[in-house]
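Asker: Take this structure first; my questions come after.
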Amino acid sequence: MMISTKGRYALRVMIDLAQNSKEGFVSLKDVAKRQQISMKYLEMIVSILNRGKMVKSQRGKAGGYRLIKDPSEYSVGSIIKLAEGTLAPVSCLEEGGSCDRMEKCVTYPLWKQLDEVIDDYLENVTLKDLMDGNVKK
């Protein structure tokens, strides 16, 4: 499993919006400049976050994007899963995924446990944790 730029950038955008939330709605132009992400790619990522009800948009001169909830209410796992679709280390663990060998697969328990460890860890780290430096290095 490798998290793509889409997942990593979605997380960076959410952190940027959280860090700049005192401004109200934050323009994509400002986010793009701070995060060094192209506007075209940023628009695609924010569209995913908007459809996933993680951010709210507002049009107009004072428009932009802002978080819907407090940073402590967003798990890193939920953001990355929304952007990536899945965090499963193997395809048989993806939603709707299956394998003809699953019943007799010796490695299935390994992949299942790895998936659970990854999910548990990422679901228990919030945007606030990252902003506050509360993640072990």
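Asker: Taking into account only those residues within the range 1-34 that are polar (S, T, N, Q) and surrounded by 14 or more Cβ atoms within 10 Å (Cβ to Cβ), which is farthest from the chain's Cα centre (by Cα)?
Answerer: Result: Ser27.
Asker: Does Met39 satisfy the condition of being within 30 Å of Leu114 (Cβ to Cβ) and either among the hydrophobic types (A, V, I, L, M, F, W, C) or in contact with a His (Cβ under 6 Å, 6 or more places away or on another chain) (or both)?
Answerer: So Met39 does not fit the description; no.
Asker: Would you call Ala32 closer than 30 Å to Val117 by Cβ and among the small types (Gly, Ala, Ser)?
Answerer: no
Asker: Pick from the range 83-92 the residues that are surrounded by fewer than 20 Cβ atoms within 10 Å (Cβ to Cβ) and farther than 12 Å from Leu122 by Cα: which of them is farthest from the chain's Cα centre (by Cα)?
Answerer: Checked the range 83-92; the qualifying residue farthest from the chain's Cα centre (by Cα) is Cys92.
Asker: Please identify the pairs in which a residue from the range 3-23 that is closer than 15 Å to Met54 by Cβ has its Cβ atom under 8 Å from the Cβ atom of a residue that is of a type in the set (Gly, Ala, Ser) and assigned to a helix (DSSP H, G or I), counting only partners at least 6 apart or on another chain.
Answerer: Lys6/Ala83; Gly7/Ala83; Tyr9/Ala83; Ala10/Ala83; Leu11/Ala83
Asker: Right, here's the next one. Kindly indicate which of Glu123, Glu116, Glu84, Glu103 is over 25 Å from Pro71 (Cα atoms) and of a type in the set (Asp, Glu).
Answerer: Of the residues listed, the single one that is over 25 Å from Pro71 (Cα atoms) and of a type in the set (Asp, Glu) is Glu103.
Asker: Kindly provide the set of residues from the range 45-77 that are farther than 21 Å from Glu23 by Cβ and surrounded by 13 or more Cβ atoms within 10 Å (Cβ to Cβ), ordered by number.
Answerer: Ile48, Gly52, Ser75, Val76, Gly77
Asker: With the condition being over 19 Å from Arg8 (Cβ atoms) and at pLDDT 95 or above, I'd like the helices (runs of 4 or more DSSP H) fully within the range 29-137 carrying at least 2 qualifying residues.
Answerer: Ranges flagged: 108-123.
Asker: Now for a separate question. Residue under question is Pro109, and the condition is that it be farther than 30 Å from Gly24 by Cα and exposed (fewer than 12 other Cβ atoms within 10 Å of the Cβ); does it hold?
Answerer: yes
Asker: How many residues are in a helix (DSSP H, G or I) and of a type in the set (Ser, Thr, Tyr) if we restrict to the range 1-28?
Answerer: 3
The values are calculated or read from the model by the stated rules, or taken from the named source; none is laboratory data. Only a predicted model underlies this, so the values are computations on that prediction, with no experimental measurement involved. Counting neighbours? That spans all protein chains shown, and the Cβs are built from the backbone with ideal geometry, glycine included.
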